[in-house]
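Undergrad: Structure in C-alpha coordinates, see below.
The values are calculated or read from the model by the stated rules, or taken from the named source; none is laboratory data. Predicted model only: the values in this text are computed from it and were never measured. Positions of Cβ are generated from backbone atoms using ideal geometry, with glycine treated the same way; all protein chains shown enter the neighbour counts.
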Amino acid sequence: MRQTCFLLAALLGCDPAPQPLAIHAASSLKELVTEVAGEWAKKTGRPVRFQFEASSTLARQLKEGAAADLFISASPEWLDEVRPRERLDWLSNRLVLVVRKEAKDPDLKGLESLSLVNEQAPAGKYARAALAHLKIALPGRVLMGANVRDVLSKVSQGGAQAGIVYATDAAVDPEVRIAFTFPAESHPKILYSAGLLTPAGKPFFDALREPWTLESARRHGFTRP
(Lines give C-alpha, C1' and ligand atoms only; values in the text may rest on other atoms or scores of the structure.)
Protein backbone atom coordinates (compact mmCIF):
# COMPACT_ATOMS: atom_id res chain seq x y z
CA MET A 1 0.00 0.00 0.00
CA ARG A 2 2.80 2.42 0.93
CA GLN A 3 4.65 1.65 -2.34
CA THR A 4 1.46 2.38 -4.29
CA CYS A 5 1.12 5.74 -2.56
CA PHE A 6 4.71 6.67 -3.41
CA LEU A 7 4.19 5.60 -7.06
CA LEU A 8 1.05 7.71 -7.38
CA ALA A 9 2.86 10.67 -5.84
CA ALA A 10 5.69 10.29 -8.35
CA LEU A 11 3.27 10.10 -11.28
CA LEU A 12 1.44 13.19 -10.06
CA GLY A 13 4.70 15.06 -9.63
CA CYS A 14 4.41 15.71 -5.89
CA ASP A 15 6.22 14.48 -2.80
CA PRO A 16 4.52 11.86 -0.64
CA ALA A 17 3.51 12.87 2.86
CA PRO A 18 6.32 12.10 5.33
CA GLN A 19 5.73 9.16 7.65
CA PRO A 20 5.28 10.17 11.31
CA LEU A 21 8.20 9.53 13.62
CA ALA A 22 7.08 7.16 16.39
CA ILE A 23 8.43 7.84 19.89
CA HIS A 24 7.77 5.70 22.95
CA ALA A 25 8.76 7.56 26.12
CA ALA A 26 8.41 7.36 29.90
CA SER A 27 5.35 9.18 31.28
CA SER A 28 7.49 11.65 33.22
CA LEU A 29 8.89 12.95 29.92
CA LYS A 30 5.52 13.86 28.41
CA GLU A 31 5.76 17.66 28.48
CA LEU A 32 9.46 17.78 27.57
CA VAL A 33 9.37 15.29 24.70
CA THR A 34 6.18 16.85 23.31
CA GLU A 35 7.84 20.27 23.33
CA VAL A 36 11.12 19.06 21.82
CA ALA A 37 9.33 17.03 19.16
CA GLY A 38 7.15 20.01 18.29
CA GLU A 39 10.20 22.18 17.66
CA TRP A 40 11.90 19.39 15.75
CA ALA A 41 8.82 18.90 13.56
CA LYS A 42 8.86 22.61 12.69
CA LYS A 43 12.50 22.36 11.69
CA THR A 44 12.15 19.16 9.64
CA GLY A 45 8.54 19.16 8.46
CA ARG A 46 8.10 15.61 9.75
CA PRO A 47 5.15 14.79 12.04
CA VAL A 48 5.62 12.91 15.30
CA ARG A 49 3.35 10.54 17.21
CA PHE A 50 3.82 9.55 20.83
CA GLN A 51 3.17 6.77 23.30
CA PHE A 52 3.73 7.75 26.94
CA GLU A 53 3.58 5.08 29.64
CA ALA A 54 5.68 3.43 32.33
CA SER A 55 9.03 2.34 30.88
CA SER A 56 8.38 -1.29 31.82
CA THR A 57 5.05 -1.25 29.95
CA LEU A 58 6.58 0.35 26.86
CA ALA A 59 9.45 -2.17 26.81
CA ARG A 60 6.97 -5.02 26.97
CA GLN A 61 4.91 -3.52 24.13
CA LEU A 62 8.01 -3.12 21.97
CA LYS A 63 9.12 -6.69 22.63
CA GLU A 64 5.64 -7.84 21.61
CA GLY A 65 5.93 -6.07 18.26
CA ALA A 66 4.82 -2.46 18.76
CA ALA A 67 6.38 -0.20 16.14
CA ALA A 68 8.56 2.72 17.26
CA ASP A 69 11.59 4.59 15.98
CA LEU A 70 12.86 5.67 19.41
CA PHE A 71 12.38 4.54 22.98
CA ILE A 72 13.27 6.86 25.87
CA SER A 73 13.22 4.98 29.17
CA ALA A 74 13.43 6.22 32.76
CA SER A 75 15.91 3.41 33.46
CA PRO A 76 18.67 1.86 31.32
CA GLU A 77 17.57 -1.66 32.25
CA TRP A 78 14.36 -1.38 30.21
CA LEU A 79 16.29 -0.02 27.26
CA ASP A 80 18.46 -3.14 27.44
CA GLU A 81 15.32 -5.21 26.83
CA VAL A 82 14.80 -3.85 23.30
CA ARG A 83 18.43 -3.92 22.09
CA PRO A 84 18.66 -0.48 20.41
CA ARG A 85 20.97 0.30 17.50
CA GLU A 86 22.43 3.23 19.45
CA ARG A 87 21.85 4.56 22.95
CA LEU A 88 22.31 7.81 24.82
CA ASP A 89 22.27 8.42 28.57
CA TRP A 90 20.28 11.62 28.24
CA LEU A 91 18.93 13.16 31.46
CA SER A 92 18.49 12.73 35.19
CA ASN A 93 15.88 13.76 37.77
CA ARG A 94 15.13 13.85 41.51
CA LEU A 95 12.82 11.58 43.50
CA VAL A 96 10.31 13.39 45.72
CA LEU A 97 7.34 12.89 48.02
CA VAL A 98 4.33 15.01 47.07
CA VAL A 99 1.22 15.98 49.02
CA ARG A 100 -1.74 18.21 48.23
CA LYS A 101 -0.71 21.87 48.22
CA GLU A 102 -2.71 22.73 51.36
CA ALA A 103 -1.48 19.71 53.37
CA LYS A 104 1.11 19.91 56.12
CA ASP A 105 4.45 18.15 55.77
CA PRO A 106 3.75 14.56 56.81
CA ASP A 107 5.75 12.29 59.06
CA LEU A 108 7.30 9.84 56.59
CA LYS A 109 7.19 7.08 59.18
CA GLY A 110 3.57 7.77 60.03
CA LEU A 111 1.86 8.07 56.64
CA GLU A 112 -1.78 7.02 56.52
CA SER A 113 -1.65 6.21 52.80
CA LEU A 114 0.92 6.32 50.03
CA SER A 115 0.74 6.02 46.26
CA LEU A 116 3.66 4.75 44.19
CA VAL A 117 4.27 2.97 40.90
CA ASN A 118 4.53 -0.81 40.77
CA GLU A 119 8.03 -2.13 41.43
CA GLN A 120 8.68 -3.12 37.80
CA ALA A 121 8.59 0.51 36.66
CA PRO A 122 11.72 2.61 37.34
CA ALA A 123 9.96 5.10 39.63
CA GLY A 124 8.60 2.23 41.70
CA LYS A 125 12.03 0.65 42.01
CA TYR A 126 13.62 3.95 43.00
CA ALA A 127 10.83 4.62 45.55
CA ARG A 128 11.18 1.26 47.29
CA ALA A 129 14.95 1.58 47.42
CA ALA A 130 14.70 5.06 48.96
CA LEU A 131 12.18 3.96 51.57
CA ALA A 132 14.31 0.96 52.51
CA HIS A 133 17.43 3.12 52.75
CA LEU A 134 15.65 5.49 55.14
CA LYS A 135 14.11 2.55 57.05
CA ILE A 136 10.58 3.69 56.27
CA ALA A 137 7.97 0.92 56.10
CA LEU A 138 5.07 1.11 53.68
CA PRO A 139 1.84 2.28 55.37
CA GLY A 140 -1.14 -0.01 55.72
CA ARG A 141 -2.86 1.59 52.73
CA VAL A 142 -0.84 1.63 49.51
CA LEU A 143 -2.36 2.76 46.22
CA MET A 144 -0.53 1.43 43.18
CA GLY A 145 -0.25 3.66 40.13
CA ALA A 146 0.18 2.53 36.55
CA ASN A 147 2.82 5.23 36.06
CA VAL A 148 4.07 8.39 37.77
CA ARG A 149 1.28 10.54 36.34
CA ASP A 150 -1.27 8.12 37.74
CA VAL A 151 0.39 8.42 41.16
CA LEU A 152 0.34 12.21 40.85
CA SER A 153 -3.38 12.11 40.05
CA LYS A 154 -4.16 9.96 43.10
CA VAL A 155 -2.55 12.55 45.36
CA SER A 156 -3.93 15.56 43.51
CA GLN A 157 -7.48 14.21 43.73
CA GLY A 158 -7.18 13.30 47.40
CA GLY A 159 -7.10 9.54 47.01
CA ALA A 160 -3.75 9.22 48.79
CA GLN A 161 -2.12 11.31 51.49
CA ALA A 162 1.20 11.32 49.64
CA GLY A 163 2.89 9.90 46.57
CA ILE A 164 6.41 9.30 45.30
CA VAL A 165 7.15 10.74 41.86
CA TYR A 166 9.88 12.67 40.08
CA ALA A 167 10.42 16.36 40.83
CA THR A 168 9.48 17.28 37.28
CA ASP A 169 6.10 15.56 37.71
CA ALA A 170 5.31 17.65 40.77
CA ALA A 171 5.91 20.79 38.73
CA VAL A 172 3.11 20.04 36.25
CA ASP A 173 0.28 19.73 38.79
CA PRO A 174 -0.68 22.93 40.67
CA GLU A 175 -2.69 20.91 43.21
CA VAL A 176 0.39 19.26 44.74
CA ARG A 177 3.66 20.37 46.27
CA ILE A 178 6.95 18.70 47.18
CA ALA A 179 7.07 17.80 50.88
CA PHE A 180 10.34 15.88 50.83
CA THR A 181 13.20 15.24 48.41
CA PHE A 182 14.87 11.86 48.79
CA PRO A 183 18.67 11.98 49.05
CA ALA A 184 20.38 10.96 45.82
CA GLU A 185 22.32 8.27 47.66
CA SER A 186 19.11 6.62 48.90
CA HIS A 187 18.25 5.08 45.53
CA PRO A 188 19.85 4.02 42.22
CA LYS A 189 20.78 6.92 40.00
CA ILE A 190 17.83 8.15 37.95
CA LEU A 191 18.89 7.96 34.34
CA TYR A 192 16.76 8.56 31.25
CA SER A 193 18.29 6.61 28.38
CA ALA A 194 17.29 7.06 24.75
CA GLY A 195 17.50 4.18 22.31
CA LEU A 196 17.49 4.38 18.54
CA LEU A 197 15.35 1.56 17.19
CA THR A 198 15.24 2.30 13.44
CA PRO A 199 17.36 4.30 10.98
CA ALA A 200 14.37 6.63 10.47
CA GLY A 201 14.73 7.85 14.04
CA LYS A 202 18.37 8.90 13.69
CA PRO A 203 17.76 12.66 13.04
CA PHE A 204 15.65 13.02 16.18
CA PHE A 205 18.00 10.84 18.21
CA ASP A 206 20.89 13.13 17.24
CA ALA A 207 18.81 16.21 18.10
CA LEU A 208 18.59 15.06 21.73
CA ARG A 209 22.23 16.12 22.14
CA GLU A 210 21.76 19.60 20.71
CA PRO A 211 21.96 22.69 22.97
CA TRP A 212 18.40 23.82 22.31
CA THR A 213 17.09 20.41 23.37
CA LEU A 214 19.15 20.34 26.54
CA GLU A 215 18.03 23.88 27.37
CA SER A 216 14.39 22.76 27.07
CA ALA A 217 15.17 19.91 29.44
CA ARG A 218 16.74 22.31 31.94
CA ARG A 219 13.66 24.57 31.86
CA HIS A 220 11.46 21.59 32.63
CA GLY A 221 13.59 20.75 35.69
CA PHE A 222 15.67 17.87 34.35
CA THR A 223 19.39 17.70 34.94
CA ARG A 224 22.28 16.20 33.03
CA PRO A 225 23.55 12.79 34.19
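Undergrad: Which of the following residues is assigned to a strand (DSSP E or B) and under 20 Å from Asn93 (Cα atoms): Ser216, Ser153, Ser115? Give the steps one after another, and end with the answer.
TA: Numbers: Ser216 fails: assigned to a strand (DSSP E or B); Ser153 fails: assigned to a strand (DSSP E or B).
Of Ser216, Ser153, Ser115, the one residue that is assigned to a strand (DSSP E or B) and under 20 Å from Asn93 (Cα atoms) is Ser115.
Undergrad: Have a look at Gly145, Gly201 and point out the one that is surrounded by 13 or more Cβ atoms within 10 Å (Cβ to Cβ) and not assigned by TED's automatic domain parsing to the domain that holds Glu112.
TA: Answer to the check: Gly201.
Undergrad: Going by the conditions given, is Arg219 modelled with pLDDT of 95 or more, more than 21 Å from Val98 (Cα to Cα) and within 19 Å of the chain's Cα centre (by Cα)?
TA: Criteria not met by Arg219.
Undergrad: For Val151, are the conditions met, namely being among the hydrophobic types (A, V, I, L, M, F, W, C) and buried (at least 18 other Cβ atoms within 10 Å of the Cβ)?
TA: Taking the combined requirement at face value, the residue satisfies it.
Undergrad: On the given criteria, is Arg83 at negative phi and assigned by TED's automatic domain parsing to the domain that holds Thr213?
TA: Details: at negative phi: no; assigned by TED's automatic domain parsing to the domain that holds Thr213: yes.
Criteria not met by Arg83.
Undergrad: What is the one condition in (1) within 13 Å of Ser27 (Cβ to Cβ); (2) in the same structural domain as Phe182 (by TED's automatic domain parsing) that Ala74 does not satisfy?
TA: Failing condition for Ala74: (2).
Undergrad: Right, Lys135: surrounded by fewer than 22 Cβ atoms within 10 Å (Cβ to Cβ), farther than 16 Å from Arg177 by Cβ and out of contact with any helix residue (DSSP H, G or I) (no Cβ under 9 Å at 6 or more places or on another chain) or not?
TA: No.
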